[in-house]
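This report refers to the structure that appears directly beneath it.
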Amino acid sequence: MATKLTLALLFAAWAQSAAGQAAARLVPFRDSIAPTLVTFEMIPVPGGTVTLDSPTGPRVVVVAPFWIGKTEVTWDEYDVWVYRLDLAAAAPGGSDSADATARPSRPYGAPDRGFGHHGYPALAMTYAAARAYCAWLSAKTGRHYGLPTDAQWTRALELGLGTDTALSGDRRDALAWHAGNAANQPHAVASKRADALGLYDLLGNVAEWVTIPDGAPVVRGGSWADPVARVGPRTRAAPTSAWNETDPQFPKSRWWLADAPFVGFRIVLLTP
Amino acid sequence: MTPKHPRDVTRRAFVETTAAATAALALPPQAPSIARGAPKTLRIALIGCGGRGTGAAKDCLTSSENVELVALGDLFPDHLTRCRENLATMATEDPTLKPKIKVNDSQCFTGFDAYRKVLETNADLVLLATPPAFRARHLAAAIDAGKHVFMEKPVAVDPQGVHAVLASAELATQKSLALVAGTQRRHDAGYRAAMERIHSGAIGDLVAAEVYWNQGGLWMKPREPAWSDVEWQIRNWLYFTWLSGDHIVEQHIHNIDVANWAFGAHPVKAIAVGGRQRRTDPAYGHIFDHFAVEFEYPNGARLRSMCRQQDGTASRVGERFVGTRGTSDGHSVIEGAASWSWDPQAPKVNPYVQEHADLVASIRAGRPLNEGRQVAESTLTAIMGREAAYTGQQVTWDELLNCPLDLVPTDVQFGPMPVPPVAMPGQTGLTRSWRSA
């Protein structure tokens with residue numbers, strides 16, 4: 001364990017140095033989903049180490065430099081995929097043969113719950129759907145987008161919060177939509193204050209899909225539906241069957257969660 | 001079903017009594033039949049094995065002890081095969097359901113007469129989940145065969161079907177058979193709590209209401225060369241009025257039913273606008289993609305209804321009631337003199353399971369629920385809205401009940417069937433019949 005830790009720290013030092021050399025390249029950039037006019041912004045996150053909780057105690061993980069979405073993925077972006085807005089002359093109904101990528105089923109109901117759409121975080125998608133979106137976006141843009149690992153998300157949060165890890169009530173209110181201030185619904189992304197990295201809503205608004213080291217999904221950061229105490233840096237929630245309990249179909253949807261209007265995601269990228 | 005409604009007060013009282021009785025039944029540990037030991041096994045069968053039907057079977061098996069799924073019927077062999085695969089998955093995912101799924105090859109039937117063969121099995125309760133066009137006939141046959149019934153909404157697509165369902169509901173009462181419909185909000189704890197308050201005057205007298213189901217488009221299966229007209233239409237049943245009733249009937253009925261529940265009555269007339277604006281490809285049949293209806297209740301109160309299935313448009317699904325002393329969303333909030341809100345921390349009960357729990361408990365208690373009339377009235381209310389939009393006329397309840405509108409062929413078989421023209425307000429009339437097509 002001690003040796004592993006030392007090696008990890010050595011590697012981290014190297015990674016940070018490498019990141020430093022590449023600092024000139026570590027700049028924010030804006031990508032677009034052609035041929036639509038929808039764009040989104042990616043913010044660089046320097047590499048380093050994070051300490052993650054694990055069943056065997058704290059574990060140090062090295063994180064290479066990466067880029068992360070400035071905001072949660074919005075409906076503006078997600079709709080392009082769901083409704084095939086990228087396909088100029090889409091066949092009616094659009095079987096999956098219209099392009100090579102599987103697309104979500106049409107939900108019986110309104111996944112946005114009427115909370116708001118333009119500029120609001122996409123929500124209530126399964127982890128598999130969020131991953132499929134990333135695969136589609138990667139094919140679309142030629143860049144390898146994915147969901148954050150638990151370590152990447154943690155790294156972004158730690159740099160974003162800076163030294164104020166206590167996260168006072170006032171600061172949480174300034175940064176995050178939670179059950180105490182959100183009036184029972186998510187809000188437009190970036191309508192709270194940005195953190196030190198320039199990221200919005202890592203805490204609160206929608207909880208965000210990440211992949212933990214064993215490959216399983218959890219959501220991080222808490223959401224508009226969580227009490228403020230659950231909207232914090234250490235909050236993780238694993239999906240349960242209750243999140244899709246009232247989908248009346250069997251099999252239940254692979255794409256949509258009937259009872260999780262508090263789940264969304266943001267994307268990451270290793271190389272622009 | 002006269003337009004004067006002297007019975008409305010009585011009916012309102014009836015609705016409340018029924019709700020109270022059902023609430024009591026929903027507490028199995030106190031039920032005397034259970035206190036005496038395990039209840040007799042209830043055998044269930046599914047007619048219509050698509051995603052909703054299979055889901056309904058799961059909900060029923062989950063809802064109660066000593067229930068077994070014994071038979072399946074579907075028009076299409078591929079649907080039946082997929083359903084059996086999905087049942088196997090279900091048994092793997094939830095081991096408590098495995099011993100409840102007892103479907104043998106000999107108890108699986110396909111074709112237009114599959115429902116008759118299912119009704120010949122020893123099932124006690126049948127779940128009717130085919131496209132709505134077939135519901136009225138399947139229900140009549142099920143009640144005739146002495147089966148208890150769960151049936152998905154809507155329960156008809158035209159007044160002929162509604163007449164048949166009302167007759168079946170009456171017969172079910174005479175034969176002490178239970179009849180529960182898939183209007184699951186009636187079994188949702190939040191809705192029941194709010195309705196109880198509305199009915200006891202928490203928002204004063206109801207003077208107006210609004211109901212909405214605005215969303216994007218739904219699934220469509222591109223036509224395959226081997227499919228006849230009828231097979232193509234049934235596989236895409238959403239998009240043909242004779243099969244689904246149009247989306248105001250197929251989907252928006254949920255919200256319209258909540259309004260009828262709140263008012264304790266059905267509307268007496270309607271005017272409406274609607275059309276087919278966005279979803280115009282022939283692959284989507286001939287139904288509309290938006291409606292806006294004004295319904296008028298016997299007391300003069302008006303219900304504004306709006307429904308839409310257009311991609312990329314603002315969504316809203318829900319209800320709002322306006323009374324002389326307050327307002328309510330019908331399920332979680334009352335604002336006004338008697339403010340109230342549903343506790344979001346209250347244990348969540350899945351209404352799709354609860355409706356089956358209530359159904360099974362009512363059978364075992366010897367007090368079978370019968371929701372036939374209420375769902376038939378909500379179905380006809382939605383049809384009234386559709387026809388007001390299709391025809392461009394004011395349509396009254398009595399006029400609709402007595403008109404010749406008749407959309408479902410007596411004997412549906414695979415073969416040619418032209419697609420009716422898209423309804424044209426000012427030209428389309430209530431005299432449409434498959435017989436003259």
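List of remarks:
- Which of B:THR428, B:GLY55, B:HIS79, positive extreme of dipole for chain B (C-beta unit charges): B:GLY55
- Members of B:LYS117/B:LYS348; B:LYS117/B:LYS175; A:LYS140/A:LYS192; B:LYS175/B:LYS221; A:LYS252/B:LYS147 lying beyond 32 Å, as alpha-carbon distances in this model show: B:LYS117/B:LYS348; B:LYS175/B:LYS221
- Dipole magnitude for chain B: about 460 debye, using +1 per Lys or Arg Cβ and -1 per Asp or Glu Cβ, origin at the Cα centre.
- When the Cα positions of A:LEU157, B:SER176, B:MET220 are compared along the charge dipole of the protein assembly as shown, A:LEU157 comes out farthest toward the positive end, with charges on each C-beta of Lys, Arg, Asp and Glu.
- Separation between Cα centres of the range B:168-197 and the range B:284-337, rounded to whole Å: 21 Å
- Averaged over the residues of B:209-218, the number of partner chain Cβ atoms lying within 10 Å of the residue Cβ comes to 3.
- Potential lengthening between A:SER191 and A:THR163 on full extension [0.36 nm per residue; Cα-Cα distance subtracted]: 7.8 nm
- Gain upon complete extension [A:SER138, A:ARG113; 0.36 nm per residue less C-alpha separation]: 6.2 nm
- For chain B, taking a cut-off of 4.7 Å between Cβ atoms, the unpaired cysteines are B:CYS60, B:CYS108, B:CYS307, B:CYS403.
- Within straight-line reach of A:LYS70, meaning a Cα separation under 16 Å, sit the following aspartates and glutamates at least 8 residues removed in sequence or on another chain: A:ASP31, A:GLU41, A:GLU158, A:ASP195, A:ASP201, A:GLU208.
- Relative to one another, the C-alpha centroids of the range B:374-388 and the range B:136-167 are positioned 15 Å apart.
- Linear extension gain, B:GLN427 paired with B:GLN277, 0.36 nm per residue minus alpha-carbon span: 52.2 nm
- Between B:ASP105 and A:ASN184, the simple label model (points 7 Å from Cα in the Cβ direction) yields a spacing of 5.4 nm.
- Counting only other chain Cβ atoms within 10 Å of each residue's Cβ, the peptide B:277-285 averages 1.
- Taking the charge dipole of the protein assembly as shown about its Cα centre, with +1 at Lys and Arg Cβ atoms and -1 at Asp and Glu Cβ atoms, the residue from A:SER241, B:LEU407, A:ALA182 reaching farthest to the positive side is A:SER241.
- Beta bridges assigned by DSSP with both partners in the protein assembly as shown are antiparallel in approximately 60 percent of cases.
- For the residues of B:232-241, the average number of beta carbons from a partner chain within 10 Å of their own beta carbon is 0.
- Summed over qualifying helices (DSSP H, 4 residues or more, each -39500 (n - 2.57)) and divided by its residue number, the protein assembly as shown shows a 222 nm mean residue ellipticity of -9500 deg cm²/dmol.
- Nearest-20 debye value, the range B:177-333 charge dipole, Cβ charges on Lys, Arg, Asp, Glu: 240 debye
- q = 0.06 Å⁻¹, the protein assembly as shown: log10 I(q)/I(0) [Debye, one scatterer per Cα]: -0.39
- Label positions at A:ALA242 and B:GLU224, each projected 7 Å from the Cα along the C-beta direction, are separated by 4.1 nm.
- Placing dummy labels 7 Å off each Cα toward the beta-carbon, the span from B:ALA38 to B:ALA314 is 5.6 nm.
Every number in this text was worked out from the coordinates using simple rules, so none of it is lab data. All values reported here derive from a predicted model rather than from experimental measurement. A quick note on method: Cβ atoms are made from the backbone with ideal geometry, for glycine too, and the neighbour counts reach across all protein chains shown.
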